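Since the structure comes first, as structure tokens, the remarks are kept for the end.
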Amino acid sequence: MRSKRLLAHIPPAIPDILTSAMLLPTLREQVLKANLELVDRGLVLYTFGNVSGIARDEGLVVIKPSGVPYESMTPAHLVITDLEGKVVEGNLRPSSDLPTHLILYKKFGSIGGVAHTHSEYATAWAQARQPIPCFGTTHADYFHGPVPVTERMADADIASDYELNTGHAIIRTFRNMDALAIPAVLVANHGPFCWGPDAATAAHNAVILEAVARMAYLTLRINEKAEPVERSLHDKHYLRKHGSRAYYGQVKESR
């Protein structure tokens, strides 16, 4: 009955969804909430952008469907695939960026969520093919280094398996970097991808990245000769939140 009631509220333009019991209901809710966070924070226009989450034990990924308006989306619209991109549950097509997400999940084994936007300032840095320098402590709190930009993709990589090769370009960028310490990248001439231990954190990092990108732009407008923050201050702010001796925030009670 619940599935039938849900279907009754779906606009006619959206294809029917499965009426059977849904796989991974909790992860579906989390991924939908993370996608809507991008909308609420003004990081996406229309149907741009996508967030996914992975259930590592099951080897399944939940991702936003392609081209479905956010205001019409429900947990049941989200698509579940395996790590090879085969749809396991759902009648809608998954986001066209799915192959990029899958490469990141395969190569960055500790992440649990991926977020992709075309947010204005981060995308501007990507289009300029410039990494975002760390000019201050806001950046340092989240990214333990400049936010890198990928190399330009070869014509052959663009012509064939574009989204898959986008993922490989990101992985090459992080050959000598810690993807957990810098949970974001700018894909040259495209836009940002962010990640985290879950979908909510990936979306959170996307929001922070946009703020950091805007502040870096404004810093250079005010002083085009501005220098990146000293390494000691950068380390202090990052490690007090993320290091082995982190002391930022409240101590979590053990149960």
Exercise. Can you list the HN-Hα couplings for segment 83-91, worked out from phi with the Karplus curve (6.51, -1.76, 1.60; θ = phi - 60°), rounded to whole Hz and with x for Gly and Pro?
Worked result: 6, 9, x, 6, 5, 9, 8, x, 9
Problem set entry | Dipole magnitude of segment 130-233 about its Cα centre (Cβ charges: Lys, Arg +1; Asp, Glu -1), debye to nearest 20 | 280 debye
Exercise. Hey, what do the phi angles of segment 52-67 turn into as Karplus ³J(HN,Hα) couplings, whole Hz, using 6.51/-1.76/1.60 and θ = phi - 60°, x for Gly and Pro?
Worked result: 10, x, 10, 9, 4, 4, 8, x, 10, 10, 9, 9, 4, x, 6, x
Exercise. Just going by the charge dipole of segment 63-115, with Lys and Arg at +1 and Asp and Glu at -1 on Cβ, which of GLY85, PRO75, ILE103 is farthest out on the positive end?
Worked result: ILE103
Exercise. Among ASN205, PRO228, TYR217, whose Cα lies farthest out toward the positive end of the dipole of segment 182-244, if unit charges sit on the beta carbon of Lys, Arg (+1) and Asp, Glu (-1)?
Worked result: PRO228
Problem set entry | (i) 0.99; (ii) 1.05; (iii) 0.93, with the label sought being that of the calculated Rg/Rh (Cα atoms, Kirkwood Rh) | (i)
For this session: Using per-residue counts of other Cβ atoms within 10 Å, averaged over each peptide, order 121-132, 196-207, 77-88 from highest down.
Result: 196-207, 121-132, 77-88
Problem set entry | Loop GluC sites (Glu not before Pro), segment 18-73 (other Cβ atoms within 10 Å of the site Cβ: 15 or fewer; DSSP) | GLU58
For this session: Name the long-range amide H neighbours of VAL229: under 5 Å, sequence gap of 5 or more, or other chain; modelled H, no Pro or chain starts.
Result: CYS134, PHE135, GLY136
Problem set entry | Among GLN30, SER160, VAL61 the positive-end extreme of the charge dipole of the chain (Cβ point charges) | GLN30
Problem set entry | Solvent-accessible heavy-atom area per residue, rounded to whole Å², over the chain at 1.4 Å | 54 Å²
Problem set entry | Sequence-distant residues sharing a close amide H with VAL149 (under 5 Å, placed H) | LEU186
Exercise. In this model, which of LYS33/LYS106; LYS33/LYS241; LYS64/LYS241; LYS86/LYS241; LYS86/LYS107 are farther than 28 Å apart at the alpha-carbon?
Worked result: LYS64/LYS241; LYS86/LYS241
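The values are calculated or read from the model by the stated rules, or taken from the named source; none is laboratory data. This one's a predicted model, so the numbers in the text were calculated from it and none came from an experiment. Glycine also receives a Cβ, built like all others from the backbone with ideal geometry; neighbour counts cover every protein chain displayed. Please note that ligands, DNA and RNA were not included when accessible areas were found on the heavy atoms of the full protein model with its side chains. Shrake-Rupley method; radii C 1.70, N 1.55, O 1.52, S 1.80 Å.
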